[in-house]
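Encoded as structure tokens, the structure appears first; notes follow it.
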Amino acid sequence: MTIISGVREGMEFWQLEAPSLERMRQCKGWSLVLLMLLGLRSLAQKLPTRDEGLFQMQIRDKSLFHDSSVIPDGAEISGYLFRDTPKRYYFVVEEDNTPLSVTVTPCDAPLEWKLTLQELPEESSGEGSGEPEPLDQQKQQVTVDEGTELFTYKGNDVESYVATSTPSGLYQLELLSTEKDSNFKVYTTTTPESDQPYPELPYDPRVDVTGLGRTTVTLAWKPTPTGFLMGQPVQYCVVINKEHNFKSMCAAEAKISAEDAFMLAPKPVRDFSPFDFVHFGFVPSENGFGKDRGLTSNKISRAHLAKPKISDIQKLCIGNKNIYTVSDLKPDTQYYFDVFAVNSATNTSTAYVGTFARTKEEARQKTLELKDGKVSDVFIKRKGTKFLRFAPVSSHQRVTLFVHSCLDAVQVQVRRDGKLLLSQNVEGVRQFQLRGKPKAKYQIRLRGSRKGASTLKVLTTTRPSSKQPFPSLPEDTRIKAFDKLRTCSSVTVAWLGTQDRNKYCIYRKEVADNYGEEQRRREQNQCAGPETRRKSEKVLCKYFHSPNLQKAVTTETITGLEPGKTYLLDVYVVGHSGHSVRYQSKLVKTRKYC
């Protein structure tokens, strides 16, 4: 096969030099006809200027430099088809009885392609004078006769035409895409036995599933003989997706390039306004109450920022290994797996027979049944999930749900007969009022923190609030220390109460001067009650309530402290049934000099 082309900078047509023309005169008429046909295609096109050094380097690579209508011998080319617009390629076989192989690889869509041998005159006119026939007459001889059809195919498989002996002549390859615009690849050679551009498949080209888990699938396949027998550089690429198997690497790459990630618009967080106890120093501020509660006003919450969409197709090149475990899959999901042997030197590839598998289901967790008015202790592993169920035995108008997160924040989701009622992150103690419904059943899902394991206390009840085992809490559970009342041996603090009469116990513990907030959070379990504290740390216990919430504030002066020391103060509120909740701890320091 020969490429008949010459390029001159600044010229508007193809031109042959004198030696080449002389050789063409000695050949049969088909070579000159191919030249003239391609010359007519470029008469109206002005060639751009070029970097001569770069041009000379690239022209030696047939796959990089070729006319759009001429197929080089022994190089894979890529092309693009517009829908319902055929495209024709040409190549020349110079001698009779030449072997020929033509391989077409569809990428985006099924293709129709046809290979024909053109009928051309065996000798040029001029009665041996060497003068060519007029160009119009030669063009007419090529275009009027459609030639001999050798092979046709329609589909999206990688298909080849192979012949051990072909006559000399001009060959035409016509391609058509009827579904959509599409990419494709073509490889043509007259030395198929020695070229072997595509990695050879083993005698068993199937991909086997050798291991299956909830999030992993292990694949195995037999190695290609091209690598270990012929010594060519071969690597394997694995493609994973949820739709179907791919018949070629370029089909998978076309799908990957079409995947677009996107971001959803963020949503604002709702405002939150605490009670205002100005005269006791409980003044909400941006750095105070809102910060402790993890709530901000008119700002974007990080939790609401949508993550980029993860592509449903992945391509992983793994070297020369023929066993691979795909991880990070979703449970109970069907995936399709394809393996491609890739020649690293030529970037050509061959597809194994793909497979598919469904990952195992998540282990079904036991659902904890909640009893009306009873506190349940729940433990959740890091990033784990627990399911609870509450089915009131009698008709009810309202359900009260208490969630006490002892360590890090957890996500709480509640459904009534499958309908979502709430979904929130909970840190500390939260109380939710749910509207009741006759014979309704409530499903509660708790999702643990990414930081570590979570411990919770959960209570659901349809009873009046006065009989609840959990103590009632104010909106603000901070302890306020008064700096002007601080002495070398005492500190004065205040905290908020409620309209219910509860028991409050205050404890103190001396800590190091560098004791910080992060250390306090790591060491303390908020669900641990005063029974876990040493008797020497107890300051006092007292009962307190106020019918008027604006006056539900109590103060206490803690004495017997040492000068210049740092103390950690805790206030526990104890409910009627003994369940306690700790307020937010407070670090205080006595004056060193008085």
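The values are calculated or read from the model by the stated rules, or taken from the named source; none is laboratory data. Not measured: the values here are computed from a predicted model. Cβ sites come from the backbone with ideal geometry, for glycine too, and all protein chains shown count toward neighbours. Note: accessible area is taken over every heavy atom of the protein model, side chains too, but ligands, DNA and RNA are not part of it. Shrake-Rupley method; radii C 1.70, N 1.55, O 1.52, S 1.80 Å.
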For SER394, only one of the following conditions fails: (1) closer than 28 Å to LEU329 by Cβ; (2) among the small types (Gly, Ala, Ser); (3) not in a strand (DSSP E or B). What is its number? (1)
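Got a sec? Which strands (runs of 3 or more DSSP E) wholly within segment 171-251 have at least 2 residues that are aromatic (Phe, Trp, Tyr)? Step through it out loud before you land on a result.
On the way: elements: 182-189, 208-212, 217-220, 234-241.
Passing ranges, in order: 182-189.
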Of the residues in segment 198-210, those that are out of contact with any helix residue (DSSP H, G or I) (no Cβ under 9 Å at 6 or more places or on another chain) and open to solvent by less than 20 Å² (accessible area, probe 1.4 Å) number 1
For segment 108-134, the count of residues that are modelled with pLDDT under 50 and surrounded by 15 or more Cβ atoms within 10 Å (Cβ to Cβ) equals 3
Here is a check on your reading of the model: is VAL458 within 25 Å of VAL573 (Cα to Cα) and assigned to a strand (DSSP E or B)? yes
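Among the listed residues ARG478, ARG463, which satisfies the condition of being open to solvent by 30 Å² or more (accessible area, probe 1.4 Å), in a loop (DSSP other than H, G, I, E, B), in contact with a Gly (Cβ under 7 Å, 6 or more places away or on another chain) and of a type in the set (Lys, Arg)? It would help to see each step written out before you state the result.
Working: ARG478 fails: in contact with a Gly (Cβ under 7 Å, 6 or more places away or on another chain).
Matching residue, one of ARG478, ARG463: ARG463.
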Counted residues, segment 383-410 - those being without any contact (Cβ under 8 Å) to a residue 60 or more places away in the chain and surrounded by 16 or more Cβ atoms within 10 Å (Cβ to Cβ): 4
Selection within segment 71-90 - more than 16 Å from PHE184 (Cβ to Cβ) and assigned to a strand (DSSP E or B): TYR90
When (1) surrounded by 13 or more Cβ atoms within 10 Å (Cβ to Cβ); (2) acidic (Asp, Glu); (3) over 24 Å from MET249 (Cα atoms) are applied to ASP338, the one that fails is (3)
Being modelled with pLDDT of 90 or more and in contact with a Ser or Thr (Cβ under 7 Å, 6 or more places away or on another chain) is the filter here; which residues of segment 570-594 pass it? ASP570, TYR572, VAL573, LEU587, LYS589, THR590, ARG591
Take ALA345 and tell me if it is surrounded by 14 or more Cβ atoms within 10 Å (Cβ to Cβ) and not polar (S, T, N, Q). no
Name every residue in segment 351-374 that is open to solvent by 30 Å² or more (accessible area, probe 1.4 Å) and under 22 Å from the mean Cα position of the chain (by Cα), in order of residue number. PHE356, ARG358, LYS360, GLU361, GLU362
List every residue pair whose Cβ atoms sit under 6 Å apart, with the two residues 6 or more apart in sequence or on different chains, where the first one lies in segment 193-214 and is on the phi > 0 side of the Ramachandran plot and the second, anywhere, is open to solvent by less than 50 Å² (accessible area, probe 1.4 Å) and at pLDDT 90 or above. none
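Of all residues in segment 398-414, which are at pLDDT 85 or above and either in contact with a Lys or Arg (Cβ under 7 Å, 6 or more places away or on another chain) or of a type outside the set (Phe, Trp, Tyr) (or both)?
Here is the first cut: in segment 398-414, the ones at pLDDT 85 or above are 398-405, 410-414.
Scanning segment 398-414 gives ARG398, VAL399, THR400, LEU401, VAL403, HIS404, SER405, VAL410, GLN411, VAL412, GLN413, VAL414.
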Give me a count of the residues in segment 149-177 that are open to solvent by less than 60 Å² (accessible area, probe 1.4 Å) and β-branched (Val, Ile, Thr). 1
